[in-house]
Amino acid sequence: MPDVTDFIITINPEDKSLRLAVTYDKGTATVRAPEGARFRHPVRVRWKRSRRDTAINLTVGKGATVCVIEEIAGARTSHAAVVRVEAGANVEFISINRMSSNAAVQITQRSHLGDNAAINWRNITLGSAKVTHDILSELAGEDATSGIDWMFYAKGDETYRLRARNVFNGKRGRGEIIMKGVAGERGHVRCDGMIKIGEGGSGTGTRLTQDVLMLDKTAKVDAIPALEIKTNDVKASHSAAVSHVTNEDMFYFAARGVGEREARRMFVEGFLWEMTAKIGDRQSREKLLEAVERKCRSR
């Protein structure tokens, strides 16, 4: 596997009989999981150094199964991930943004699904002063599934612009978008979620959910759900909720001897627990919980 200045990809030793085709050139990694390959452990991708632009192009062959965990560290201007999921293949793609807190970055993610293909995107946005992040998943094949789970926490003066779209162009598509996160202090989060069902998407069943917790009155949240449906015989719905931590909530903790900083941490971790629990890889889940705790305790 390539191990270069910017990019590392690692396969668990227990999957050593399986092979990935990998090339790397000037910030772009091209990866292919062969047809029928079934990885029992996550394939780990790490972008460890600063570079202006980086990208990964992943193709998952017919009937293959793989979980990819991508960690984006350092400072960079842009990053892109393009995933092509061939017929009958199944992908879990976990993307963890841990870039430096003073960075401004633009991230784009795209997926294209064939017949009976499935992808679960799991995005975690915890770093960078300014993030513009756009994900679009196109279900071109029939009976395909696309799920997008997005967890975020903005604090200080951080500004996040997050956009998630599932586009159903094949029959009997399935999948849900869940955007759930926290805005505190002067953090500003804009969540744009969209479900689009094209003329060929009859029989589709899908849902969009946006749920944001505001820790402070100085935080700002814009949750914007949208549906666009161009055919009949579909089931599609959306909801958006913004809740607030009140003075009464803080008084409840204070009356029981819990300080303000600890109470805020408990609110954040409790609110985000549902999303962290979805990450099946224990090592990644524990590292994520530690990252959330560090951010809660940071000034």
Relative contact order of the chain (C-alpha contacts under 8 Å, at least 6 apart) in percent is 10
Ellipticity estimate at 222 nm from DSSP helix runs (n ≥ 4, -39,500 (n - 2.57)) divided over the chain, nearest 500 | -4500 deg cm²/dmol
With both partners inside segment 7-245, how many of the DSSP beta bridges are antiparallel, as a percent to the nearest 5?
-> 5
Among the lysines, select those whose C-alpha is under 17 Å from the C-alpha of K196, and discard any that sit fewer than 8 residues away in the same chain.
-> K171, K230, K235
Compare the Cα positions of T159, A104, F39 along the charge dipole of the chain (+1 at Cβ of Lys, Arg; -1 at Cβ of Asp, Glu; about the Cα centre) and return the one farthest towards the positive end.
-> A104
In the neighborhood of A118, defined by Cβ-to-Cβ distances under 12 Å, what is the net charge if each Lys or Arg adds +1 and each Asp or Glu adds -1?
-> -3
Regarding the chain, what are the three Cα extents along the principal axes, ordered largest first, in Å?
-> 59, 51, 32
Between the residues A240, V212, G184, the Cα farthest towards the positive end of the dipole of segment 140-252, that dipole coming from +1 and -1 charges on the beta-carbon of Lys, Arg, Asp and Glu, is from A240
First check a/c for segment 151-238, with a ≥ b ≥ c the square roots of the eigenvalues of its C-alpha gyration tensor; if it is under 1.5, answer rounded, and if not, answer prolate when a/b is larger than b/c or oblate otherwise.
-> prolate
Least to most buried among E293, E248 (fewest other Cβ within 10 Å first) = E248, E293
For a quick protection proxy, order the peptides 156-164, 263-271 by their average other-Cβ count within 10 Å, most packed first.
-> 156-164, 263-271
Per residue of segment 169-181, in order, report the coupling 6.51 cos²θ - 1.76 cosθ + 1.60 (Karplus, θ = phi - 60°) as ³J(HN,Hα) in whole Hz, putting x for Gly and Pro.
-> 10, x, 5, 6, x, 9, x, 10, 9, 10, 10, 9, x
Which helices of the chain meet both criteria: a Cα extent of 15 Å or more along the helical axis and a mean Kyte-Doolittle score no lower than -1.0, with helices taken as whole DSSP H segments?
-> 260-276
Which listed pairs, of K130/K155; K16/K62; K130/K295, have C-alpha distances above 18 Å, in listed order | K16/K62
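Any read-out appearing in this document is the output of simple, stated calculations on the displayed coordinates, not a laboratory observation. Just so you know, these numbers come straight off a predicted model, no measurement behind them. In this analysis, Cβ positions are derived from the backbone assuming ideal geometry, glycine residues included, and neighbour counts consider all displayed protein chains.
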